[in-house]
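Reading through the structure tokens given below for one structure.
The values are calculated or read from the model by the stated rules, or taken from the named source; none is laboratory data. Computed from a predicted model, the values in this text were never measured in an experiment. All Cβ positions, even for glycine, are placed from backbone atoms using ideal geometry, and neighbour counts span all protein chains on display. Ligands, DNA and RNA are excluded from the accessible area calculation, which covers all protein heavy atoms including side chains. Shrake-Rupley method; radii C 1.70, N 1.55, O 1.52, S 1.80 Å.
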Amino acid sequence: MAIDRKKLILEAATKSFSLFGYKATTMDQVAKIANVGKGTIYTFFKNKEELFDEIITTLILEMKTVAEEAMDESLSFYENLHSALYKILEFRTQHQLSIKLFQEEREIGTPAVLEVMQKLENAIINFIKNKVRCAVDRGEIQPCDPEITAFVMLKLYVSLIFDWEKQHEPLNKDEILNLFELYLFKGLSK
């Protein structure tokens with residue numbers, strides 16, 4: 001029974017954070033949505049921050065699973081990385097909680113949300129960093145600093161998907177893959 005209540009509380013909190021954002025969510029709201037007393041929440045979580053942290057940890061694990069499932073041993077490093085990044089960013093734009101957090105980060109800049117968004121970005125960078133290390137070990141790409149390379153790859157990818165679309169027609173998945181390959185793997189020199 002206790003596990004069911006904890007799950008119920010996590011689901012209710014996720015719903016509240018998704019609808020109202022971090023800043024506007026209260027433990028009273030979570031208790032109301034979960035249909036439990038506020039004291040019940042405190043038997044599982046010390047405070048809103050701890051509850052939020054558990055939800056974000058689950059979100060990161062879900063994103064990692066989505067990225068891993070996008071990988072295919074028969075594809076090249078850059079094709080796999082493209083698939084994984086595309087799925088991660090697709091996940092973020094379709095997952096109601098991450099949409100709300102992204103919006104709250106931009107519009108309000110709530111410190112706890114800024115911290116969580118950094119945690120999400122770090123998780124993605126660490127995922128890419130591990131893939132870069134493996135590609136270097138297999139001789140698929142030249143030796144490089146995996147962390148800087150992961151950072152540049154993520155920022156380029158996000159820019160091609162989100163920033164480019166602010167002023168231009170959106171690029172399709174193949175165009176993004178071709179640009180990613182050109183800028184990061186082939187280079188511009190002849």
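Give me the residue from region 37-93 that is surrounded by 14 or more Cβ atoms within 10 Å (Cβ to Cβ) and of a type in the set (S, T, N, Q) and, out of that set, nearest to Lys23 (Cα to Cα). For region 37-93, the residue satisfying everything is Thr40.
Of everything listed in (1) in the same structural domain as Phe162 (by the TED database); (2) over 30 Å from Glu175 (Cα atoms), the single unmet condition for Glu90 is (2).
Note down all Cβ pairs under 8 Å where the first residue falls in region 161-176 and is in contact (Cβ under 8 Å) with a residue 40 or more places away in the chain, the second is among the hydroxyl-bearing types (Ser, Thr, Tyr), and they're at least six residues apart or on different chains. Final answer for the pair search is Lys173/Tyr86; Ile176/Tyr86; Ile176/Tyr157. Within the set Glu121, Glu104, the sole residue that is in contact with a Phe, Trp or Tyr (Cβ under 7 Å, 6 or more places away or on another chain), among the acidic types (Asp, Glu) and either open to solvent by less than 40 Å² (accessible area, probe 1.4 Å) or not assigned by the TED database to the domain that holds Lys23 (or both) turns out to be Glu104. Within region 68-80, residues that are closer than 17 Å to Ile176 by Cβ and without any contact (Cβ under 8 Å) to a residue 24 or more places away in the chain have Cβ atoms under 9 Å from residues that are part of a helix (DSSP H, G or I) and open to solvent by 50 Å² or more (accessible area, probe 1.4 Å) in these pairs: Ala70/Tyr86; Ala70/Lys87, counting only partners at least 6 apart in sequence or on another chain. Filtered by the rule that a residue be over 10 Å from Ala13 (Cα atoms), in a helix (DSSP H, G or I) and not hydrophobic (A, V, I, L, M, F, W, C), region 33-54 gives Lys38, Gly39, Thr40, Tyr42, Thr43, Glu49, Glu50, Asp53, Glu54. Just to be sure, is Val113 in contact with a Cys (Cβ under 9 Å, 6 or more places away or on another chain) and either open to solvent by less than 60 Å² (accessible area, probe 1.4 Å) or in a helix (DSSP H, G or I) (or both)? It is false that Val113 is in contact with a Cys (Cβ under 9 Å, 6 or more places away or on another chain) and either open to solvent by less than 60 Å² (accessible area, probe 1.4 Å) or in a helix (DSSP H, G or I) (or both). Residues in region 54-63 that are free of Cβ contacts under 8 Å to residues at least 24 places away in the same chain and either more than 24 Å from Gly109 (Cα to Cα) or not β-branched (Val, Ile, Thr) (or both): Leu61 alone.
From the list Leu179, Leu120, Leu154, the one residue that fits, being farther than 30 Å from Thr25 by Cα and within 12 Å of the chain's Cα centre (by Cα), is Leu154. Scanning region 139-174 for residues that are touching a helix residue (DSSP H, G or I) at 6+ places or on another chain (Cβ under 8 Å) and charged (D, E, K, R) yields Glu140, Glu147, Lys173. The criterion of being among the aliphatic types (A, V, I, L, M) and more than 20 Å from Phe162 (Cβ to Cβ) does not hold for Ile88.
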